[in-house]
Amino acid sequence: MPQGPVAFENTPADVLVPAFMVEFNAGPPNYSGTSRQVVIGRALPGSLAALRGLPINVGSQNPNALCGLGSIGAEQILYARQQNPLGEMLFVDATSAIGANPSPAVGTLSFAGTATSAGTVSRYLGGERYDVNVAIGDTAAVVAAAFVAEFAQGYTKFNIGMLAPVSAAVKAGGTATATDVTLTARHPGTETNGWHIEEGLDGDEIEVPGITVTITYMAGGVGDVDMAATLAKLGAQNADWICGPYSTAAQLNVVRDFLSDSGSGRSAPLVGLLGHYTTHNHGNLSTQTAFGQTRNDRHVTLAGIYQWPQAAWCISASLGGEIAFLKNLGRSLANAIEIARPMQTRVLRGLRPPKDPNALFAQADRDSLLRNGISTFTATADGQMACDRIVTTYRVNPSGLSDRTWLDIEDIAIAAYAARYFRNKIQGTYPRSALREDNPANLQGVVTPIDLEQTSVHAATDLNRAGIIRQLDLFVANIRIFPDYANDRVNYYLPITAAAQLRINAVNQTSYLDQSDQGI
């Protein structure tokens, strides 16, 4: 007799000797997976990340041990882990891709005078406060030396001792009453150009009479990271959520091609790795909107920042970590709803608002930024920055028509999650099947277009119940399955509608003295 409708993978069909044969196979898998965050930055020479060269798993390692004390990478991991504490995270050192003859950015703090009263000199570098106690009669040279010593002690953030990615040294040639402190980036390159040095951030500082401090901002860094060489280090590894401070037009063009929906891009049909890049854009409203109009990429999110105290690499890492945590594409159906929930009000811990309240974008400004593909933020009552609306730079379709299909990060995450869920359901149910118009003997190893349609509908039903998609009835009505028997292929049309987000409440509250007279 034939084997019948039971399909075997490893059990022979033609056996004469008596036997009790059992083979073990896994059934269709429940959906789960790894949704990895990738942080692109700079490690110091000799650190673990620099010595490895290739992507390195962050795990729970101290960021200073991984990238070097005083590195950009250490600060990035510190902020990313605050938002994404347990997610799988890789760090990619971009130092080897910085190009030939790079030079570091340099800034100066110029101390002058002699203290006529005791007090404390406070300055903020990269958003962190450094205090120097001053006694009556202390000269500029004494205060400058004390500042260098204090700066060398570093700062503590999230219970971890850190060093700024900038070194400080008293400049030779000064006098007792006029001494400069030179600030030099530990990494050659453009990243630290514009690194914030400021005063009065907390608002409780009192300047020391007789001592003046003049700031010359960080500038002169030369050498841009080659994003093509850096991203190539990822190979075929999963990299759902990538973040880094690299946001020039040239660098974003490389990212666009790397994550493209066509050719060899990670989102192309034959590649299917997917991925999204989060970075920043700095400037006032005009600068932001002008740059936003030059971009149109659903795979990139630009954080619109202006005069934020923390460095751009901290900001992109923090937002990247928050996106990776909330939009974790490996979530089970039971808690997948977070992927569809908007990110408004989510706090980016440790990031401070600008000292100048006018540097915060007002509501009308933020509306304009969003229309130009720039993500927006607000300040909380306790002085932290929070997400307002996180969007991509996608604005128009290939015909040049305004299109909001891929505006929000939620739309990107829902589409990616649904695609992986459909794949998991279809290939998990039919990993190795013959394709026929029908299956009269109900054989396990045969699949028909009707089977594939029903499996797809079941998958959509799961996603609908999980809150990821809506309008299931229209999905069922419009789904199409087209078998191509000559090419061993099936073409699917799966019309999903992403869950919407509650962002705007419009209320008409009408007041009456007596509604009984209104006929309501």
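Where a number appears in this text, it was derived from the coordinates with a stated rule and is not lab data. Treat the numbers as computed from the prediction; the structure is a model and nothing was measured. Cβ coordinates were reconstructed from backbone atoms using ideal geometry, including for glycine residues, and neighbour counts include every protein chain displayed.
Angle of helix 409-429 to the longest C-alpha principal axis of the chain, folded into 0 to 90 degrees and rounded to 10: 30°.
If we count chymotrypsin sites (Phe, Trp or Tyr not before Pro) as exposed when they sit in a DSSP loop and have at most 15 other beta carbons within 10 Å, what is the longest stretch of the chain that avoids them all? The longest such stretch corresponds to 159-511. Amide H contacts under 5 Å for H276: W241, I242, restricted to partners 5 or more places along the chain or on a different chain, H placed in the peptide plane at 1.01 Å from N.
What dipole magnitude, in Debye to the nearest 20, does region 106-219 give about its Cα centre under +1 on Lys/Arg Cβ and -1 on Asp/Glu Cβ? Taking the Cα centre of region 106-219 as origin, the dipole is about 360 debye. Helix 140-152 and the long axis of the chain differ in direction by around 20°, with both axes built from C-alpha atoms.
Projecting the Cα atoms of G283, P63, A169 onto the charge dipole of the chain (Cβ charges, centred on the Cα centre) puts P63 farthest toward the positive pole. Taken along its principal axes, the alpha carbon cloud of the chain reaches lengths of 105, 84, 43 Å, longest axis first. For region 284-297, the Karplus equation 6.51 cos²θ - 1.76 cosθ + 1.60, evaluated at θ = phi - 60°, returns couplings of 6, 4, 5, 5, 5, 5, 4, 5, x, 5, 8, 10, 7, 9 Hz by residue, with Gly and Pro reported as x. Projecting the Cα atoms of V476, A500, Q454 onto the charge dipole of region 433-511, computed from C-beta unit charges around the Cα centre, puts A500 farthest toward the positive end. Residues whose amide H lies under 5 Å from that of I469, counting only those 5 or more places away or on a different chain, are N464, A499; hydrogens are built 1.01 Å from N in the peptide plane.
Tally Lys and Arg at +1 and Asp and Glu at -1 over the other residues with C-beta under 10 Å from the C-beta of G99: what net charge comes out? Once all neighbours under 10 Å are counted, the net charge is -2. Straight-line reach from K425: taking Cα to Cα under 15 Å and skipping same-chain neighbours fewer than 8 places apart, the aspartates and glutamates in range are D451, E453, D462.
Taken one residue at a time, the phi angles of region 443-453 give Karplus couplings (6.51, -1.76, 1.60, θ = phi - 60°) of 6, 5, x, 10, 10, 10, x, 5, 4, 5, 5 Hz. Gly and Pro are set to x. Between the alpha-carbon centres of region 20-47 and region 364-399 there is a gap of 32 Å. Panel values: region 329-442, Kirkwood radius from alpha carbon pairs, Stokes-Einstein at 37 °C and 0.692 mPa s, translational diffusion coefficient 186 µm²/s.
Net charge dipole, the chain: roughly 600 debye, given to the nearest 20, about the Cα centre with Cβ charges of +1 for Lys and Arg and -1 for Asp and Glu.
Using θ = phi - 60° in the Karplus curve 6.51 cos²θ - 1.76 cosθ + 1.60, the 3J(HN,Hα) couplings for region 31-37 round to 6, 6, x, 9, 10, 9, 9 Hz; x is entered for Gly and Pro. Qualifying trypsin sites (Lys or Arg not before Pro) in region 372-433, where qualification requires a DSSP coil assignment and no more than 13 other C-beta atoms within 10 Å, comprise R404, R432. Between W406 and any residue 5 or more places off or on another chain, the built amide H atoms are never under 5 Å apart. For the chain, the 222 nm mean residue ellipticity estimated from helices alone, with every DSSP H stretch of n ≥ 4 adding -39500 (n - 2.57) and the total spread over all residues, rounds to -7500 deg cm²/dmol.
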